[in-house]
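> My questions will all concern the structure given below.
Rule-based calculations on the coordinates, nothing more; no lab input. None of these values were measured; they are calculated from a predicted model. Cβ placement follows ideal geometry from the backbone for every residue including glycine, while neighbour counts extend to all protein chains displayed.
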Amino acid sequence: MLISVKAENLGKTNPLNLKTTLMKTTLIIFLFYIICPKLYGQNSGYIEYLNQEFQDFKPNPNFDSLEKKFPLKLNNIDACMAMLELPKKDLNVKEEHQIHERLKELSEKLFLQGTPIYLIENGKNSTLQADELNAKKSEKSIVIYVSLGNSCISTERQENGVNIFNTKTLELRK
């Protein structure tokens, strides 16, 4: 009997329920537009630096074998950082060193094109930190601070890669 009553009520639209549902939906959309600007993520303008691909590297058979082993072209910062996040059993010390060399090459290429990058490691507010540093830099400073993203997880190998990249950028500025 209870089921038949519910089945009968399904076909009827209660104007009060419709109005309540509409108000709830409007409130949720309103709150979404208020809260979303407060959420902070990587500035999409910086992502282009991490993903900028270069093609004109010196031929290196070690990179060819590394790129065959992993289906990833090591022609941008993001790809190199992704490789450094692999478990130690999947990436040996020699391969890690090759990626470090590629990071140095990428730092140099970005410097020569007039957009030297200084990477900000993962951290709770690293994207905010990168934006603040870019806003505060002097007119003479051409370094662009770029966060790798807001994350509390970082590997020792990734930290080494960031340090190698940043050290090369600072060397080139001297």
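> Label-point separation (nm) for LEU86 and LYS73, each offset 7 Å from Cα along Cα-to-Cβ?
For the pair LEU86/LYS73, the computed spacing is 1.8 nm.
> From the cross-link list LYS58/LYS174; LYS58/LYS137; LYS104/LYS136, which pairs have alpha carbons spaced over 29 Å apart?
LYS58/LYS137, as the Cα separations exceed 29 Å there.
> What does the charge dipole of segment 77-121 about its Cα centre add up to, to the nearest 20 debye, if the Cβ of each Lys and Arg holds +1 and the Cβ of each Asp and Glu holds -1?
100
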